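Visitor: Attaching a single structure in structure tokens format; questions to follow.
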Amino acid sequence: RLVREFVAQNNTSQIKHVIQILSQEFALSQHPHSRKGGLIGLAACSIALGKDSGLYLKELIEPVLTCFNDADSRLRYYACEALYNIVKVARGSVLPHFNVLFDGLSKLAADPDPNVKSGSELLDRLLKDIVTESNQFDLVGFIPLLRERIYSNNQYARQFIISWILVLESVPDINLLDYLPEILDGLFQILGDNSKEIRKMCEVALGEFLKEIKKNPSTVKFAEMANILVIHCQAADDLIQLTAMCWMREFIQLAGRVMLPYSSGILTAVLPCLSYDDRKKNIKEVANVCNQSLMKLVIPEDDEMDEAKQSMTLPAEPTSEESLSKPEAVSSGEPPHCGRSELDITALNQPLSFPCSSERIQVTLNLDGIVQVLDCHLHDTSIGMMTRIAVLKWLYHLYIKTPRKMFRHTDSLFPILLRTLSDESDEVILKDLEVLAEIASSPAGQTEGHGPSDGSDVRPGPVELHVPARAGQLSSSGAKGLECSPSTPTMNSYFYKFMINLLKRFSSERKLLETRGAFIIRQLCLLLNAENIFHSMADILLREEDLKFASTMVHTLNTILLTSSELFQLRNQLKDLKTPESRNLFCCLYRSWCHNPVTTVSLCFLTQNYKHAYDLIQKFGDLEVTVDFLTEVDKLVQLIECPIFTYLRLQLLDVKNNPYLIKALYGLLMLLPQSSAFQLLSHRLQCVPNPELMQTTDGTKPSTSFKRASASNIDYTELLQHFEKVQNKHLEARHQRAGRAEQLDRRVVL
């Protein structure tokens, strides 16, 4: 009644005096009953003031908010009731004081007393109605407070925050999407709350934001939210990870190349998910879409040396002080981390700040960061098969789209790509071979500065093999057969390096040669030129110091040459020796095949050099005949009965024109003990017809359809001498090994 009288008299000083007395002497009194009276009095003043209460809101609200922190729950309830009446009268006039009201309410939302909490909910609903009706809400001033409060760990406070976000999101005049980067990290943290109800509310809020993003992608600050998604795509909580991955999928598809500067972070988050089992099938599927979509963003134009040609731009990325991680942070020189260990887990509980800079930068593909992440995943032996395959697909894609830039990284990638050939999965090895084949055949590998070293030492070093000099450089040494070094337009300088290092890998890891050697070489023959592969390997093996390995490797290559369907064309080329190239290939293969006597004979059979095959078998009498040697002869007899040597068996019909073929086969027969192979070859030779019976009835000469003259321009005498020289080396090496074994036995006895 007193305040109404003052209002009627327009006596503002007396009104302020009454409010001051109620505040200082009652509401802020030390006595609880006085505080209750003061709160009731302030509410009564507001009711009496009516529409004029807006002029005194600061004086009315502040003491009431102070009582929100009172230890007495009944006082907190009275304060809540008083503020409700004040706000109900003032309505829209309270909006300038919204932040302090929101701050006080957020504390009451977590109040342990149910009555206080109930009262705060009534006040909360009233305030939401006012904000919804008004078009004067200060969103810019409110966002810092929201960003701070969103990191609360209290369930009720989180529920309060989410409810307000949903309200603000539903108001047409309030564009909360502009400030989404400020609160997105906090929303994802709330998504991991233990309460199902809160998680559901947060899901709804994030879903609404994503709908808005899809409707208005041109206004979305994708770049400022990219790192937040990268963080939460690595979350341990399945719901957080799946939601963040779904957002990432939409961001990549909507923003396109704007996301390229964040590629390394995205790959760090996405690649491990590709190996998830069926328990996380949904995450795996979304991650796969993200991976494929990101890969499509890389285009041939990214290989341009002048990156200034890129025309697309995006907002400047956050500085390291303003965000959790910079895009392409791995390119700073520090090694990348493949897993979630790179994140400071405490940082996730702190508010993030992002600049709203108008500065523009160019969208460029920073390969350094991407390659380091891919390299890191290849080195990590704990990652799953699908992740390794995805990494290799990325490398292959980058070599196709941006070969010039990728060849800067080839020297660092080459060792791990070679080691990956020892992977347990055939699919991984196939993809790895595709990458290595692309490296070995890409024209970009011939550019200056990317080529191999020019050293003349072609021997394997203790760690890595260096690329030997080419044919012209090696010929000056006077070594036999070096003129056979392969050099074709389809292969670059990395091809020979690849062949050398592959053979070194087989030499150091014999199990790989035994279990996967044939598989690897056959696949390479499909991906690259088979003639070049055999030519270069033969050339390298010619100078191999480990004679036992050379013999084993030659045997492997010979088996592949004779039996693999992939090498049908190469066999036909060698069978006829019609061209200088085929004769050159034969000579190159022959010199290396001499490491294994039986394979040398089989090569002569393949190339129809039967007289030379017979001459070689004559030399076998001077060799040390071992069980392994006889086993290989046994296998050769089995091969002669295979479809590959059908033409050879048919040539047995022309006895007069193929005497050395028959002599060579009889020579093999004489080498064999009385075994199944002996019986097989003996039965075959018994089928050779009598020359007299093969005469035609009209007295003309027998058919010479199977006859083929020896290939010209081949010095068979020199080849035979080379064979003897190599076999003498093998004999000497065996004696040395036997001597060392004898010395070891003596030491054991002593």
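The values are calculated or read from the model by the stated rules, or taken from the named source; none is laboratory data. Treat the numbers as computed from the prediction; the structure is a model and nothing was measured. For neighbour counting, all protein chains shown are included, and Cβ atoms are generated from backbone atoms with ideal geometry for every residue, glycine included. All accessible areas refer to the heavy atoms of the entire protein, side chains included, with ligands and DNA or RNA removed. Shrake-Rupley method; radii C 1.70, N 1.55, O 1.52, S 1.80 Å.
Visitor: Could you please report the charge total around GLU641, scoring K, R as +1 and D, E as -1 over all other residues with beta-carbon less than 14 angstrom from its beta-carbon?
Guide: Residues close to GLU641 contribute a combined charge of +2.
Visitor: Along Cα→Cβ, 7 Å out, is where each label goes; now give me the distance between the ones at THR66 and GLN446 in nm to one decimal.
Guide: Between THR66 and GLN446, the label points sit 8.7 nm apart.
Visitor: Just to be sure I understand the model, the point goes 7 Å from the Cα along the line to the Cβ. What's the resulting SER195 to ARG404 distance in nm?
Guide: According to this spin-label approximation, the distance is 5.9 nm.
Visitor: Pull out the extension gain between ASP138 and ILE21, defined as 0.36 nm times the separation in residues minus the alpha carbon to alpha carbon distance; nm, one decimal.
Guide: Stretched fully, the ASP138-ILE21 segment lengthens by 38.9 nm.
Visitor: Rank by packing, highest mean first: peptides 22-34, 102-114, 132-144, 550-562, with packing defined as the count of other Cβ atoms within 10 Å averaged across residues.
Guide: 550-562, 102-114, 22-34, 132-144
Visitor: Same structure, new question: List residues of segment 544-581, by number, whose backbone nitrogen lies under 19 Å from a label position 7 Å along Cα→C-beta of LYS729.
Guide: Counting backbone N atoms under 19 Å from the label point, the list is 544-558.
Visitor: Further question on the same structure: Can you give me the % of accessible surface on segment 1-137 that is carbon or sulfur? Probe 1.4 Å, all protein chains present, nothing else counted.
Guide: C and S atoms contribute 49 percent here.
Visitor: For a label point 7 Å from the Cα of ILE47 along Cα→C-beta, name the residues of segment 69-98 whose backbone N is under 12 Å from it.
Guide: Once the point is set 7 Å along Cα→Cβ of ILE47, 82, 85-86, 89 turn out to lie under 12 Å by backbone N, inside segment 69-98.
Visitor: Compute the label zone of SER682 within segment 632-671: residues whose backbone N is under 13 Å from the point 7 Å along Cα-to-Cβ.
Guide: 669-671
Visitor: In this model, which of LYS107/LYS200; LYS431/LYS578; LYS280/LYS393; LYS16/LYS36; LYS117/LYS211; LYS58/LYS88 are farther than 25 Å apart at the alpha-carbon?
Guide: Values: LYS107/LYS200 22 Å; LYS431/LYS578 36 Å; LYS280/LYS393 22 Å; LYS16/LYS36 20 Å; LYS117/LYS211 33 Å; LYS58/LYS88 15 Å.
Check vs 25 Å cut-off fails for LYS431/LYS578; LYS117/LYS211.
Visitor: Continuing with this model, one more query. Accessible area, 1.4 Å probe, largest first: how do ASP634, ASP185 sort?
Guide: ASP634, ASP185
Visitor: Simple spin-label model, 7 Å along Cα-to-Cβ: LYS635 to THR579 in nm?
Guide: Output for this residue pair reads 3.0 nm.
Visitor: Measuring from centroid to centroid over Cα atoms, what is the spacing of segment 29-55 and segment 116-139 in Å?
Guide: Each part reduced to its Cα centre gives a spacing of 20 Å.
Visitor: Still on this structure, I have one more. Roll a 1.4 Å probe over the protein chains and send me the accessible area per residue for segment 367-444 in Å². Can you show the working numbers first?
Guide: Working: 2660 Å² over 78 residues.
I get 34 Å² per residue for segment 367-444.
Visitor: Can you give the FRET efficiency to the nearest 0.05 for ARG91 and ASP238, using r as the Cβ-Cβ distance and R₀ = 41 Å?
Guide: Working from the Cβ atoms, E equals 0.35.
Visitor: Give, in nm to one decimal, the length gained when the segment between ASP278 and ASN99 is fully stretched (0.36 nm per residue of separation minus the Cα-Cα distance).
Guide: 59.8 nm
Visitor: Would you kindly state how much longer the chain becomes between MET385 and LYS656 on full extension, computed as 0.36 nm times their sequence separation minus their alpha carbon distance, in nm to one decimal?
Guide: Length difference between fully extended and current span is 91.6 nm.
Visitor: How much accessible area per residue does segment 511-566 have, in Å², with a 1.4 Å probe?
Guide: Using a 1.4 Å probe on heavy atoms only, each residue of segment 511-566 averages 35 Å².
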